[in-house]
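Step one of this worksheet: look at the structure below.
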Amino acid sequence: MLMGLTVPKLLLILGIGLLVFGPGKLPLVGKSLGKSVREFKSAVAEDEKPEPKQLAQSKQKTETVVK
């Protein structure tokens with residue numbers, strides 16, 4: 001899941017982020033990134049939910065096959 005990221009690589013990325021954004025902005029960047037990931041996950045989960053019309057159609061197909 002980490003795509004080959006090891007602890008030294010993560011520390012290097014954190015160090016570069018600290019140099020680029022500075023210690024004051026780094027928590028804000030992390031917060032924004034976390035919020036974006038949460039919104040993306042919720043949008044994907046919402047998209048995967050079947051719509052009521054699709055549920056009715058699949059239920060009707062299942063009932064016809066069972067009979």
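The values are calculated or read from the model by the stated rules, or taken from the named source; none is laboratory data. Just so it is clear, the structure is predicted and the values come from calculations on it, not from any experiment. Cβ sites come from the backbone with ideal geometry, for glycine too, and all protein chains shown count toward neighbours.
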Selection within segment 41-58 - at pLDDT below 70 and either part of a helix (DSSP H, G or I) or over 25 Å from the mean Cα position of the chain (by Cα) (or both): Pro52, Lys53, Gln54, Leu55, Ala56, Gln57, Ser58
Among (1) surrounded by 10 or more Cβ atoms within 10 Å (Cβ to Cβ); (2) assigned to a helix (DSSP H, G or I); (3) modelled with pLDDT under 90 - the single one Leu5 does not satisfy: (2)
